[in-house]
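Have a look at the structure below, then the notes.
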Amino acid sequence: IIIGVLVLGLAGAGGAFYIMKKNAAAAEGADEEEEAPAKVQKVDPKTAPTFLPLDNMVVNLADAGGNRFIQVGLTLQLQDAATGEAVKAFMPSIRSQILLLLSQRTADEVLQVQGKEKLSADIIAAVSETMGYPVPEAEDHAADGKPKKKRKKAEPSPLQGVLFSSFIVQ
């Protein structure tokens, strides 16, 4: 029964995410559609992704007065089941990083689709860093303007995405 409820919950979260993304794309208009298409990850049917739901988190937001908070339920989309076991080993650190990221946001930021997308990308970066995987950097130049030295190619992060299963701001 628990597995059935979990599968239904994940299907509902995936459907909600799809609808939110579709509505966001329609709202941005034709000007935004001319930009580069979104990256689509190819999934090998032999190795379907694994989903790891996290417990709901409640965090005070960074709004003035400190009386706003967010309750969020997350599901991590992982490369495979072995990665799920590795993530579970780092779970206390991962939850802490996610709570810190959430507490730095304001209600206005997280209520917008772009804010949710940025939060998702920040969570992927934080989890990848916590687990020791390379985090893609926005620029290839150091703060002084000089190009950074190229590093060896490291194994890419097995964290493929962050899905929101619940998102309540009060």
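The values are calculated or read from the model by the stated rules, or taken from the named source; none is laboratory data. Model, not experiment: these values are computed from the prediction. Positions of Cβ are backbone-derived with ideal geometry, glycine not excepted, and every protein chain shown enters the neighbour counts. Just the protein is used for accessible areas: all its heavy atoms, side chains included, with ligands, DNA and RNA removed. Shrake-Rupley method; radii C 1.70, N 1.55, O 1.52, S 1.80 Å.
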Test: Gly115 is open to solvent by less than 80 Å² (accessible area, probe 1.4 Å) and free of Cβ contacts under 8 Å to residues at least 24 places away in the same chain: yes
Of all residues in the range 89-124, which are in a helix (DSSP H, G or I) and of a type in the set (Val, Ile, Thr)? Ile94, Ile98, Val110, Val113, Ile123, Ile124
Considering residues that are free of Cβ contacts under 8 Å to residues at least 24 places away in the same chain, open to solvent by 80 Å² or more (accessible area, probe 1.4 Å) and either assigned to a helix (DSSP H, G or I) or of a type in the set (Lys, Arg) (or both), the number found within the range 56-88 is 1
Out of Gly145, Gly161, sole residue that is open to solvent by less than 60 Å² (accessible area, probe 1.4 Å), at pLDDT below 90 and under 23 Å from Asn56 (Cβ atoms): Gly161
